[in-house]
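Working notes, structure below.
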Amino acid sequence: MDEKKRAREIDTNKITGFLDKDTDIEGNLSFKGSFRIDGHFKGKIDSESILIVGESGKVEADIKIGYVIINGEIKGNIQARKKVEINASGRVIGSIITPKLVVEEGAYLETNCQTTDQVPLSEPEEETDQEYQS
């Protein structure tokens, strides 16, 4: 509980980017610090930092992240180097690869989950495509 409380205090005090509700963005997102999404984002997210998806947030993306806290919805693949935290209002549809996975009662999961310290640097599909192109 202390770790969870401490992480949330860090997140709220150091948010360096914010996508507000009623905002739609499509593309590639990379950032340092913490980034919060309360709107709709579609594309790719790549960061070693912290991503927070607010209750009104909807993300359709392949995500490579350090740590993610999910209160809204994510559709896509999540590769987290440190931790994935899905709170009671969170929804995840896709796949999760992470060393630590926390799921609160009431969260919705339609996923394949793998907890491992060996989070891949690149997506397996990219490696396969490169083999066929050679």
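Suppose each label sits 7 Å from its Cα in the direction of the beta carbon; what would the GLU55-ILE93 distance come out to in nanometres?
The answer from the label model is 2.1 nm.
Residue-wise, which Karplus ³J(HN,Hα) couplings in Hz belong to segment 44-60, taking 6.51 cos²θ - 1.76 cosθ + 1.60, θ = phi - 60°, and x for glycine or proline?
Ordered by residue, 3J(HN,Hα) equals 10, 10, 9, 7, 8, 9, 10, 10, 10, 9, x, 4, 8, x, 10, 10, 10 Hz.
How would you rank LEU101, LEU109, going from fewest to most other Cβ atoms within 10 Å of each one's own Cβ?
So the residues, fewest neighbours to most, are LEU109, LEU101.
What residues have an amide H closer than 5 Å to that of SER47, excluding those fewer than 5 places away on the same chain, when H is modeled at 1.01 Å from N in the peptide plane?
Under 5 Å from the amide H of SER47 lie the amide H atoms of LYS64, ILE65, GLY66, each far enough along the sequence or on another chain.
Bear in mind that the values in this text are calculations on the coordinates, not laboratory data. What you are looking at is a predicted structure, and each value in this text was computed from that prediction instead of being measured. Cβ: placed from backbone, ideal geometry, glycine included. Neighbour counts: every protein chain shown.
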